[in-house]
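Coordinate-derived values only; no laboratory data. Values in this document were obtained by computation on a predicted structure and should not be read as measured data. Because the Cβ atoms are built from the backbone with ideal geometry, glycine has one as well, and the counts that use them run over all protein chains shown.
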Amino acid sequence: MAPPGFGVIHAHRSAVVGSRQVTRGGGLAVIYCTSLPTRTLRIYFQPTSFEVQFVGPQVGGILVKVVNIYRPPQLSKSTFMEEFAEMLTLISSGQNERLVCGDCNLPGADATSVDRLLSELLDEHGYAQHVTEPTRHSANGKRPTC
């Protein structure tokens, strides 16, 4: 799954996400350079509105908390916002660097933004949205509507 010099940490998809039976997909994965020792991190948090994977690459003497998420578009936005806020509070403790990445499936008003409430929540916790262009296109070359 990864080229030479890289490793993979995979988090298998649960058979149930939220209250829905999941029959497709394979979960989450982080591909990392093996020159950065990387391990799965444990946190006691079980969201119902999104999948989550916690890993920690060691960069020099600094452990970086990487949170990889996926929110299926059909699951509750309000529950996601509550659980995501709780998770951001949990991972904010300590002096470690933090990075949240993944797919929230919450597009904003235009192709270069995310949902206003998500943007406000990220700002509140000191995160910045770095992706400023569409990450996928429909067959006709236009951004899909959600």
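Relative contact order for segment 28-124: what percent, with Cα pairs under 8 Å and sequence separation of 6 or more?
That works out to 24 percent.
Cβ crowding within 10 Å, taken as a proxy for footprinting-reagent exposure, orders Ser49, Ser113 from fewest neighbours to most as Ser113, Ser49. For the pair Thr79 and Asp103, label points projected 7 Å from Cα toward Cβ lie 2.0 nm apart. Across all directions, the average flat footprint of the convex hull enclosing the Cα atoms of segment 28-124 is 7.0 nm². The modelled label-to-label distance between Val131 and Leu117, using points 7 Å beyond Cα along the C-beta direction, is 2.0 nm. If the chain linking Glu86 and Leu41 were pulled fully straight, counting 0.36 nm for each residue of separation and taking away their Cα-Cα distance, it would gain 14.5 nm. With a cut-off of 14 Å on the backbone N, no residue of segment 25-49 is near the modelled label site 7 Å out from Ile62 along Cα-Cβ.
Amide H to amide H, with H built 1.01 Å from N, Leu41 comes under 5 Å of Phe54, Val55, Gly56, counting only residues 5 or more places away or on other chains. Diffusion of segment 50-103 by Stokes-Einstein, at 4 °C in a medium of 1.567 mPa s and with Rh set to the Kirkwood radius over alpha-carbon pairs, works out to 108 µm²/s.
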